[in-house]
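The values are calculated or read from the model by the stated rules, or taken from the named source; none is laboratory data. Treat the numbers as computed from the prediction; the structure is a model and nothing was measured. Counting neighbours? That spans all protein chains shown, and the Cβs are built from the backbone with ideal geometry, glycine included. SASA here: full protein model, heavy atoms, side chains in, ligands and nucleic acids out. Shrake-Rupley method; radii C 1.70, N 1.55, O 1.52, S 1.80 Å.
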Amino acid sequence: GKEGGTEMGFMSTTEDLEVAVKYAIRGTALLFKMTIGPNDFMVLGANVQWLSAFPAEREYLYPPLTYLSPTGKKEVVKVASGEGGRMTSFTVIGVEPRMG
């Protein structure tokens, strides 16, 4: 079968790993790392930093029905989080967004 998935609603993303981790509920959360080639500007989400209440989050917004296709890349990252800077591991899966 085909791998990947479609987000039915708007999808909020960020360029900043620390921001993504802040929104993760617990260390078992799965994070997606989007790969967008230099000629793939048509699949880049809309940069909404200029109208955000939290511009430091560097948010990109994707439209409903954006399909995320796995690239096969997977990594585990450790990030200091929570009180006392405890190290938490997150699995990061590489994906390519597709719209339309």
Check your understanding: Given the conditions (1) open to solvent by 70 Å² or more (accessible area, probe 1.4 Å); (2) without any contact (Cβ under 8 Å) to a residue 60 or more places away in the chain; (3) closer than 15 Å to R98 by Cα, and given that G45 satisfies all but one, which numbered condition is not satisfied?
Key -> (1)
**Study point:** Single unsatisfied condition, K78 versus (1) on the phi > 0 side of the Ramachandran plot; (2) more than 15 Å from the chain's Cα centre (by Cα)
**Key:** (1)
Practice item. Would you be able to say whether some residue in region 31-39 is under 12 Å from the mean Cα position of the chain (by Cα), open to solvent by 100 Å² or more (accessible area, probe 1.4 Å) and on the phi < 0 side of the Ramachandran plot? Key: yes
Review point. M99: at pLDDT below 90, of a type in the set (A, V, I, L, M, F, W, C), open to solvent by 30 Å² or more (accessible area, probe 1.4 Å) and in contact with a Ser or Thr (Cβ under 6 Å, 6 or more places away or on another chain), yes or no?
Key: yes
Check your understanding: Among the numbered criteria (1) under 16 Å from E7 (Cα atoms); (2) surrounded by 11 or more Cβ atoms within 10 Å (Cβ to Cβ); (3) at pLDDT below 90, which single criterion is violated by P64?
Key -> (3)
Study note, to complete from the structure: Filtering region 13-45 down to residues that are farther than 27 Å from T91 by Cβ and either of a type in the set (S, T, N, Q) or at pLDDT 85 or above (or both) yields N39
Point to revise | Every residue from region 76-96 that is closer than 12 Å to E18 by Cα and modelled with pLDDT of 80 or more | key: V77, K78, V79, T88, F90
